[in-house]
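The structure appears right after this line, and notes come after that.
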Amino acid sequence: MIHSSEYSFALISVLFWALSAPVLNVGINRIYQHSNFLLCLFFGLLLALLSGSLSLGLGLFVSGSKFHAEYNGYVLGAGIFTFPVATGLYYITAHLLNNQTELASLFAKVKPLFSIFLAILIVDETLSFQSIVSVLLIISGLLLFGRSAVKGYLSWFGLLFGLLTAMAWSIGEIFVRIGFNPETAIEQTFYALSSASIISLLLWILFAVQSKVRLPSLSTFMPFLLHGIFSFGIAYMSFFQSIAVIGVIKSVIITAFWPMFSLILTGLVNYLTDKNTKIASNIWIAAFCFISASLTQLLNI
């Protein structure tokens, strides 16, 4: 029998993934007027990857992990597409959507649109009735996003980069499905994240050596550090622990609601800080469609 307290790990994941949105909003707002905005964004991403790697590794070490999981090319591929590529696109999407990360987070629920077709093409899965319903719900949500873009509430480029973000996440999931062992998935996630972080760090060092880049003070990038800890460290650790305690289906169903909770939480923060940021009703309906699509897809598990 599962006690209510055993759902706490999944709820912690929801809380910290949702908290990461308003925190990231602060970081993007701090740098978006900087002359080297994209460089600042990449540097913030690098700090998020590094802080996430350190916090996730520390969590595994404290929990007694022996770090004996298999490392392979699929783990590296999952790390590159899930973290620097998808997260970088996620940051750009948030910026293009008026620096509203809570809107960009909704594209996490668009992943099934790509994951379903990639699974059919690569993993040779069959298209089920639930998958068809899931795709139709996602398309409905995207049409609502498009309507908001037509009315000027959203950027078309934001919608495009949101789709690219979802595609990158989906490609990362395919690598996870092929190369991860369920029993050692959290260790392999650490390998994936730390590998991607090292590659990103080396690229930054090579770039920094060849060019004289002037960036704001390190304190400006603190929200990105927190994003790495909240999302990559605490939330991922709690999510995998939740899977161990209550299973995959219940864990995924609970955490499927984090983008909606992020919308609500960020709206509350905006209200308390007198920030005049409103979300159109179409976006709320689209969010419901995306989350319903994720839940429908879970019927296949």
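Summary of values
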read-out: Selection from region 146-178 of residues that are more than 29 Å from ILE279 (Cβ to Cβ) and either outside any helix (DSSP H, G or I) or open to solvent by less than 30 Å² (accessible area, probe 1.4 Å) (or both); value: ILE174
read-out: Long-range neighbours under 6 Å by Cβ, at least six apart or interchain, first residue closer than 23 Å to VAL135 by Cα within region 86-108, second part of a loop (DSSP other than H, G, I, E, B); value: LEU103/LEU97; ALA104/LEU97
read-out: Total residues in region 38-76, condition aromatic (Phe, Trp, Tyr), part of a helix (DSSP H, G or I) and open to solvent by 50 Å² or more (accessible area, probe 1.4 Å); value: 3
read-out: Leading residue by the ranking (least open to solvent (accessible area, probe 1.4 Å)) among those in region 199-227 that are polar (S, T, N, Q) and in a helix (DSSP H, G or I); value: SER200
read-out: Residue that is nearest to TRP204 (Cα to Cα), among those in region 87-138 that are open to solvent by less than 20 Å² (accessible area, probe 1.4 Å) and not in a helix (DSSP H, G or I); value: ASN99
read-out: Any chance PHE230 is open to solvent by 30 Å² or more (accessible area, probe 1.4 Å), free of Cβ contacts under 8 Å to residues at least 60 places away in the same chain and in a helix (DSSP H, G or I); value: no
read-out: Residue within region 77-86 that is in contact with a Ser or Thr (Cβ under 8 Å, 6 or more places away or on another chain), open to solvent by 10 Å² or more (accessible area, probe 1.4 Å) and in a loop (DSSP other than H, G, I, E, B) present; value: no
read-out: Among residues of region 256-277, those that are modelled with pLDDT of 80 or more and of a type in the set (S, T, N, Q), counted; value: 2
read-out: Any hit, region 13-35, residues being of a type in the set (S, T, N, Q) and either more than 21 Å from SER262 (Cβ to Cβ) or not in a helix (DSSP H, G or I) (or both); value: yes
read-out: Residue within region 179-186 that is modelled with pLDDT under 85, in a helix (DSSP H, G or I) and either within 30 Å of LEU46 (Cβ to Cβ) or not polar (S, T, N, Q) (or both) present; value: yes
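The values are calculated or read from the model by the stated rules, or taken from the named source; none is laboratory data. Just so you know, these numbers come straight off a predicted model, no measurement behind them. A quick note on method: Cβ atoms are made from the backbone with ideal geometry, for glycine too, and the neighbour counts reach across all protein chains shown. These area figures cover heavy atoms from the full protein model, side chains too; ligands, DNA and RNA do not enter into them. Shrake-Rupley method; radii C 1.70, N 1.55, O 1.52, S 1.80 Å.
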